[in-house]
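All remarks here apply to the structure that follows.
The values are calculated or read from the model by the stated rules, or taken from the named source; none is laboratory data. For clarity, every value in this text was computed on a predicted model and none was experimentally measured. Every residue, glycine among them, receives a Cβ derived from its backbone with ideal geometry; neighbour counts consider all protein chains shown.
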Amino acid sequence: MKTIIEPNIINLVKKLELNSDIGFGKFMMPIMLTCEYKDGAWGDLHLGPYRKFEIDPSSKVLHYGQEIFEGLKAYKNEKDELFLFRPEKNAQRFNRSADRMAMPNFPEEKFVEGVALMAAYSRQIIPRRLGESLYLRPFMFANEVGLGIAVSNNYLFTIIASPSGAYFSSDSIKVFVERTSSRAAAGGTGFAKTGGNYAAGLLSSIKCKEAGCNQVLWLDAAEKKYIEEMSGMNFFAIINGELHTPQLTNTILEGVTRDSILELARSLGYKTVEEKLPINELLKLVKEKKCTEAFVCGTASVIVPIGSFHEENGTVYKLADDEGKISLILKDKLLRIQAGLEISPVPTWIHKIPKIDF
Ligand SMILES: *Cc1c(COP(=O)(O)O)cnc(C)c1O
């Protein structure tokens, strides 16, 4: 696999200007990285202009949803240093998702090279205030033509990128407890970052919005008893000063942020517990003020405190520390580690991206 960089992308990036309100995932960098899989092998990595795909209407992804993606960020600080945070974790998870969706693995070192290249060529446009970043979106889809239900023989791997501000505008969020519909069942695809999981959750997101909430909290599909996660973020509760999070199963997506928070919290002296978290027990602890705080976490949003839990019947459980206390300490620490402003508890988490001269 060679790496081919089109020289004209430098001009595309040079003449770029960002307006002040970039938001999240709205503005796309004018460059993208692609790699094609054909006849059992990956072709070259190709960094070129952002452009539209031409997809045959009978392409398998459009009918059977064989698709996976990743999400990670490049962080720039005031000193113009640029970092990736644990990109090899995303590369590994991408291949776990690929395995589940019967797709070919993408070489981990090429995945990391690809995101690093996209970040390096985007450097000058990446905002540098704490919480801002370049959001990178690697994805892969089945691109074989024909309506037969079968594993595709052709795939396209792509990385696009979007300079981003903070994900949520409000400080704490209202969480809707989803007690009827499910996101992921045992033996299914819940642990994979595949488009269908998100499509399955969209109807509940409408119900959630109508109830005045921001995020759906999913429970286990079998018993509707245990907390699993949000549609794109993992869940933590602070109970008697300890960090509790649902233990991983094949119905929960293993977040890099989740893992980093567990490690970071332990390094700061907090006790962490990975366990089954029954929703009704948690709501009781919230009422008794033993669970004072809860938060959601993911690459896009980092850490967002939960203000309250909402049942479909209108019952509301408000958290004592509804604006977050420990959550905000952890958030600030993590952001500073990611931007290279504070020593990482694990030095290998941080990958510095060398400067390329235009
Ligand atoms: C991406 C994602 C997360 C968070 O993972 P990070 O690696 O922390 O960004 C959690 N849950 C779901 C369902 C996700 O898609």
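Which residue pairs have Cβ atoms under 7 Å apart, sit 6 or more places apart or on different chains, and have a first residue in the stretch 28-51 that is more than 13 Å from residue 8 (Cα to Cα) and a second that is at pLDDT below 95 and assigned to a loop (DSSP other than H, G, I, E, B)?
42/1; 44/1; 45/1
Based on what the data block shows, is residue 54 in contact with a Pro (Cβ under 6 Å, 6 or more places away or on another chain) and either surrounded by 16 or more Cβ atoms within 10 Å (Cβ to Cβ) or without any contact (Cβ under 8 Å) to a residue 40 or more places away in the chain (or both)? Spell out the reasoning first.
Values: in contact with a Pro (Cβ under 6 Å, 6 or more places away or on another chain): no; either surrounded by 16 or more Cβ atoms within 10 Å (Cβ to Cβ) or without any contact (Cβ under 8 Å) to a residue 40 or more places away in the chain (or both): yes.
No.
Got a number for residues in the stretch 319-343 being over 21 Å from residue 282 (Cβ atoms) and either among the hydroxyl-bearing types (Ser, Thr, Tyr) or part of a loop (DSSP other than H, G, I, E, B) (or both)?
Going through the stretch 319-343 one residue at a time, the tally reaches 5.
Which one is surrounded by the most Cβ atoms within 10 Å (Cβ to Cβ), of the residues in the stretch 126-145 that are more than 15 Å from residue 46 (Cα to Cα) and in contact with a helix residue (DSSP H, G or I) (Cβ under 7 Å, 6 or more places away or on another chain)?
Let us first name the residues in the stretch 126-145 that are more than 15 Å from residue 46 (Cα to Cα), namely 126-137, 141-145.
Those still in the list that are in contact with a helix residue (DSSP H, G or I) (Cβ under 7 Å, 6 or more places away or on another chain) too: 130-131, 134, 136, 141-144.
Values: 130: 16, 131: 16, 134: 24, 136: 27, 141: 24, 142: 25, 143: 21, 144: 18.
Of everything passing the filter in the stretch 126-145, 136 is surrounded by the most Cβ atoms within 10 Å (Cβ to Cβ).
Considering only residues that are among the charged types (D, E, K, R) and over 26 Å from residue 67 (Cα atoms), look in the stretch 93-134 and name the one that is nearest to the ligand (Cβ to nearest atom). Spell out the reasoning first.
If we filter the stretch 93-134 for residues that are among the charged types (D, E, K, R), which is where we start, we get 93, 96, 99-100, 108-110, 113, 123, 128-129, 132.
Remaining after also requiring over 26 Å from residue 67 (Cα atoms): 123, 128-129, 132.
Working: 123: 22, 128: 21, 129: 20, 132: 17 Å.
Ranking the qualifying residues of the stretch 93-134, first place goes to 132.
Answer yes if at least one residue in the stretch 140-151 is under 22 Å from the mean Cα position of the chain (by Cα) and among the β-branched types (Val, Ile, Thr), and no otherwise.
Within the stretch 140-151, the subset under 22 Å from the mean Cα position of the chain (by Cα) is 140-142.
After this cut, where a residue has to be among the β-branched types (Val, Ile, Thr) as well, the list is none.
Looking through the stretch 140-151, none of the residues is under 22 Å from the mean Cα position of the chain (by Cα) and among the β-branched types (Val, Ile, Thr).
Residue by residue through the stretch 141-157, note down the ones that are under 11 Å from residue 65 (Cα atoms) and assigned to a strand (DSSP E or B).
141, 142
Report the residue count in the stretch 214-228 for those that are in contact with a helix residue (DSSP H, G or I) (Cβ under 9 Å, 6 or more places away or on another chain) and either more than 26 Å from residue 336 (Cβ to Cβ) or within 13 Å of the ligand (Cβ to nearest atom) (or both). Talk me through it step by step, then tell me what you get.
Going through the stretch 214-228, the residues in contact with a helix residue (DSSP H, G or I) (Cβ under 9 Å, 6 or more places away or on another chain) turn out to be 214-219, 224-227.
Checking the rest, the ones that are also either more than 26 Å from residue 336 (Cβ to Cβ) or within 13 Å of the ligand (Cβ to nearest atom) (or both) come to 215-219, 224-227.
Selection size over the stretch 214-228: 9.
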